[in-house]
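What follows draws every value from the coordinates through simple rules; no lab data is involved. Everything numeric here is computed off the predicted structure, so don't read it as measured data. Neighbour counts run over all protein chains shown; Cβ positions are idealised from the backbone, glycine included.
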There are 2 protein chains.
Amino acid sequence: MTTKPVFDAITLPHPLPLDSGEALDGVSIAYETYGELAPDKSNAILLCHALTGDQYVASEHPVTGKPGWWERMVGPGKPIDTDRFHVICANVVGSCMGSTGPASDAPDGKPYAMRFPVLTIRDMVRGLIGLLDVLEIEQLHTVVGGSMGGMQALSLAANFPERASRILAIATTARHSAQNIAFHEVGRQAIMADPNWAEGNYYASGKTPDAGLAVARMAAHITYLSEAGLTDKFGRRLQDRAEKTFGFDADFQVESYLRYQGSGFTRRFDANSYLYITRAMDYFDLAEEHAKDGQEGLLADAFAGTNARFCVISFDSDWLYPTAESRHVVHALNAAGAPVSFVELSAPFGHDSFLLDVPELDRVVKGFIE
Amino acid sequence: MTTKPVFDAITLPHPLPLDSGEALDGVSIAYETYGELAPDKSNAILLCHALTGDQYVASEHPVTGKPGWWERMVGPGKPIDTDRFHVICANVVGSCMGSTGPASDAPDGKPYAMRFPVLTIRDMVRGLIGLLDVLEIEQLHTVVGGSMGGMQALSLAANFPERASRILAIATTARHSAQNIAFHEVGRQAIMADPNWAEGNYYASGKTPDAGLAVARMAAHITYLSEAGLTDKFGRRLQDRAEKTFGFDADFQVESYLRYQGSGFTRRFDANSYLYITRAMDYFDLAEEHAKDGQEGLLADAFAGTNARFCVISFDSDWLYPTAESRHVVHALNAAGAPVSFVELSAPFGHDSFLLDVPELDRVVKGFIE
C-alpha cells in the first residue's frame with residue numbers, strides 16, 4: 001500500500017553530545033518518511049543524504065520545486081520500494097533544511113552563525129540515532145547512503161552496530177584524503193573571502209555571501225563529474241553563439257553550466273552550513289576515530305563490533321572517492337570478519353553516478369535489501 | 001664560456017595583429033638571455049613559460065627573491081646547457097612581468113585593465129616571433145615549453161614552421177578540455193567575485209583583488225598536483241598541532257600549504273593578467289584554428305607545413321593534461337609525416353612534474369637538443 005510522504009520534525013529530548021566535547025541543546029531534526037512502518041518495525045530503512053542533500057529524497061523540493069534527489073531509487077515499485085519499506089530520511093544536524101544548524105537561533109534568540117559548534121560525521125549520526133530513539137525504532141533493516149551519506153552509514157555501523165542489520169555504502173570513503181580536504185578548503189576560502197560573509201554574521205544583513213558560495217559550489221561540482229563525462233556533455237561547444245566573443249562572457253557551454261550550478265545553489269543553501277558540513281567531512285577518518293592508546297588507528301578495529309551485512313559500491317569514473325577507497329573499506333570489513341559484497345560499477349558520470357541513471361546500481365541496491 | 005644573464009626589453013616596431021581582429025600597438029616584450037649567440041645564430045633556444053611563469057627561468061625572481069623556475073634544467077652544464085646554447089625566455093604578452101599586459105598603460109595613459117584585448121596562444125607566439133625578428137634570429141635551434149609553454153611551442157610549429165628546427169613540448173595539450181576550462185572558469189569567477197576587482201579597475205585604488213586571486217590560485221594548484229602526491233606530501237597530517245581544533249583554522253597541513261600558495265601568488269601576479277592568460281588557454285584548440293571551410297579541424301592539418309623534429313613528453317600522474325592529450329598530438333604529427341619521439345615518464349608529482357626532480361626528464365631533454 002502506498003502512503004503519502006510524511007514531513008515532520010522532532011526535538012531531541014536530551015542534549016546532543018559532540019566529538020568536540022561540547023553538547024548541543026534543543027536540537028531539531030527535520031525528516032520525511034515514506035511507506036508504512038510494519039507492526040514489528042522490521043522494515044525501516046534510513047537514507048542518509050550527501051553534503052548538499054536534504055530530506056526531500058522523493059518529493060518536490062520546497063525551495064526549488066524540483067523532484068526529490070533520489071526519485072529514481074525510492075518509491076512504490078522502485079529499488080527501495082516504499083510499498084514494502086518504511087523509508088526515513090532526515091536533514092543532518094548542521095544543515096539548513098529544518099534541522100538545527102548555524103542559521104538556527106541559539107538560546108539567546110540570535111542565529112548561531114559561527115558560534116555553532118564544529119560537528120563531525122559521528123555527531124550527525126548521533127543526531128540520527130536520537131531521531132530513531134524518538135521514533136522508537138530499535139533496529140533498522142538497512143542504512144543506505146551515497147557520498148557523505150555513505151560516511152554516515154559506515155559511521156553508524158562502527159559506532160552503533162546494534163542499530164542496523166544491513167549497511168549499503170555507495171561512492172564513499174572511510175576518510176577524507178588530502179585532495180578531498182584541499183578542494184573543500186578552496187570552497188571555504190571562497191565563502192570567507194566574500195565580504196558579505198562578514199565572519200558568518202550575515203543573517204540579519206540581508207546580504208548573503210552568494211558570490212563566494214557560488215564559487216565554492218562550482219569548484220566542488222567539477223569534482224562530482226568525470227573528465228570524460230564533461231567532454232561528452234560539453235566538450236568545447238559554445239553557448240548560444242557561433243563564434244568565440246573574445247571576452248569574458250560564458251562562451252563555452254561548460255562555463256554557462258557551472259555558473260548556473262553555482263548561482264542556483266545559493267538560492268537553496270546556507271553558506272555557513274556549507275562551511276560546517278565540509279569541515280565535518282574533512283575531519284572524517286573512521287580509523288583514527290577508533291585508534292587506541294595513541295597508536296595509528298586500524299579501520300578494521302572500527303568495525304570490530306558489527307554484526308551487520310555490508311554492501312559497498314564504487315564507480316569506475318569517480319575520482320573524488322575512487323574505487324581504491326571503497327576497496328580499503330572492504331578489506332577492513334574482511335579483516336573484521338563482516339560479510340561484505342563489493343562491486344565497482346562502470347558509469348560515465350563520475351562521483352555523481354550514484355544519483356544518475358545507472359541501471360546496474362538499481363539492481364544491486366534492490367538485490368541487497370531484498 | 002658562461003655569460004651572465006641579460007635582461008632586456010624591446011618594443012615591437014609594428015602593431016601586433018591579434019586573432020580577435022584587433023591589433024595592439026607599442027607592445028613591449030621583456031626577456032632574458034643566457035649564453036652567447038653563435039656567430040651563425042644556430043644555437044638559439046626559445047623557452048616558453050607557463051601560465052604564471054615569467055622570463056626569470058634561471059635567475060632570481062625580482063619580486064620573490066626565489067631561484068628561477070627552471071634552474072635545474074637551464075644553466076652551464078645543465079640539460080639545456082648555456083655554455084653551448086643561447087637561451088631566450090620572454091614574458092608573454094598579457095602577463096605582468098614587463099611585457100605589455102592589462103596592467104600596462106594604454107595610449108590614453110591609463111592602465112588598459114579590461115580594455116586590454118582578449119589574446120590567444122597564437123597571439124602570444126606572434127609576440128615572441130616579433131621579438132625574434134628584432135633580435136634577427138631567423139631560425140631557432142629548439143623551442144621548449146611545458147604546460148602553456150608547450151602550447152606555445154606547438155602553436156609556433158604550426159603557425160611559423162620555418163622558425164624552429166626542433167620542438168620540445170612537455171606536459172601539454174593541443175586543446176583545452178571541458179574540465180580544463182571549468183577549473184579556469186572557477187578561478188576567473190573567484191577573481192571577479194572579489195569586490196576589489198571592481199570590473200578590473202583596481203590599479204589606482206590601492207586595493208587589489210587578492211582574496212579572489214588567492215582562491216583562483218588554490219583551485220588551480222590542486223590540479224597541478226596528483227592525488228597520490230598530495231597524500232604522500234601531506235596526507236591527513238595536522239599543522240603544528242597535536243589535535244584537531246574543531247574550528248576553521250588550517251588544521252591540516254594541506255590547508256596551510258594551499259593558503260600559503262594562494263597568498264604568496266598575489267604578491268607577484270596581476271589578477272587581470274590571470275584572467276587574460278587563462279582565457280587564452282581556454283581558447284586554445286590548434287585543430288580548430290586550422291579548420292577549413294567550416295569543417296571540424298584536423299590537428300594533422302595544423303602541422304602540415306612543418307619540417308621540424310618533435311619530442312613530446314607526458315607524465316603518468318598528470319591529470320591536468322594527461323598522456324592521452326600528448327598521444328593525440330603525436331598521432332597528428334605522425335599523420336602529418338613529422339618525425340616525433342614520444343615518452344610518458346613516470347613521476348609522482350602530477351602536472352608539476354615538469355618543474356621538479358625527474359632525472360629521466362633531464363636525460364630526455366638533453367638527448368633531444370644534442
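Legend: translational diffusion of chain B by Stokes-Einstein, Rh = Kirkwood radius over C-alpha pairs, 25 °C, 0.890 mPa s; D = 116 µm²/s.
So which of A:Lys207/B:Lys233; A:Lys207/B:Lys244; A:Lys41/A:Lys110; B:Lys110/B:Lys207; A:Lys244/B:Lys66 end up more than 28 Å apart, counting from Cα to Cα? Too far apart for the 28 Å limit: A:Lys207/B:Lys233; A:Lys207/B:Lys244; A:Lys41/A:Lys110; A:Lys244/B:Lys66. Look at the stretch A:245-257: the mean tally of other chain Cβ atoms within 10 Å of its residues' Cβ atoms is 5.
With the simple spin-label model, which puts each label point 7 Å out from Cα in the Cβ direction, the A:Glu344 to B:Asp357 separation comes to 3.2 nm.
Highest-first packing order for the peptide set A:7-16, A:340-349, A:297-306 is A:297-306, A:340-349, A:7-16, based on the mean count of other beta carbon atoms within 10 Å.
Please return the longest range in chain B lying between exposed loop sites, taking trypsin sites (Lys or Arg not before Pro), DSSP loop only, at most 13 other beta-carbon atoms within 10 Å, and leaving the sites out.
Maximal segment without exposed cleavage sites: B:1-206.
Straight-line cross-link partners of B:Lys366 among the aspartates and glutamates, defined as a Cα under 18 Å from its Cα and at least 8 positions apart when in the same chain: B:Glu71, B:Asp81, B:Asp83, B:Glu344, B:Asp357. Can you tell me the relative contact order of the stretch A:1-85? Whole percent, Cα pairs under 8 Å, sequence separation 6 or more. Result for the stretch A:1-85 is 27 percent.
When the helix-only estimate is applied to chain A (DSSP H runs of n ≥ 4, each -39,500 (n - 2.57), divided by the residue count), what is the mean residue ellipticity at 222 nm, nearest 500 deg cm²/dmol?
Value at 222 nm, helices only: -10000 deg cm²/dmol.
Beta-bridge orientation, chain A: approximately 35 percent antiparallel, per DSSP, counting only bridges with both partners inside. Put in order of Cβ neighbour count within 10 Å, fewest first, the listed residues B:Tyr260, B:Tyr31 become B:Tyr260, B:Tyr31.
Measuring nothing but how far apart in sequence close Cα pairs (under 8 Å, 6+ apart) lie, relative to its length, the stretch A:180-279 scores a relative contact order of 31 percent.
What is the sum of charges around B:Gly77, taking Lys and Arg as +1, Asp and Glu as -1, for the other residues whose C-beta is under 11 Å from the C-beta of B:Gly77? Show your work: numbers first, answer last.
On the way: positive: B:Lys78, B:Arg84, B:Lys366; negative: B:Asp81, B:Asp83.
Summing Lys/Arg as +1 and Asp/Glu as -1 gives +1.
Ordering A:Leu333, B:Leu131 by the number of other Cβ atoms within 10 Å of each residue's own Cβ, fewest first, gives B:Leu131, A:Leu333. Considering only beta bridges that DSSP places wholly inside the protein assembly as shown, some 35 percent are antiparallel. The residues B:Met218, B:Met73, when put in order of fewest to most other Cβ atoms within 10 Å, stand as B:Met73, B:Met218. Here is how far apart the A:Asp362 label points are across copies: 5.8 nm, shortest first, using a point 7 Å from Cα toward Cβ. Normalised by residue count, the protein assembly as shown yields a Cα convex hull volume of 166 Å³ per residue. Once backbone amide H atoms are built at 1.01 Å from N, B:Ser314 has B:Ala171, B:Val343, B:Glu344, B:Leu345 as its partners under 5 Å, excluding neighbours fewer than 5 places away on the same chain. With R₀ fixed at 56 Å, the C-beta to C-beta distance from B:Ser205 to B:Thr231 puts the FRET efficiency at about 0.85.
The distance separating the Cα centre of the stretch B:298-370 from that of the stretch A:344-361 comes to 33 Å. A Stokes-Einstein calculation at 10 °C with viscosity 1.306 mPa s, built on the Kirkwood radius of the stretch B:180-279 over Cα pairs, returns a diffusion coefficient of 109 µm²/s.
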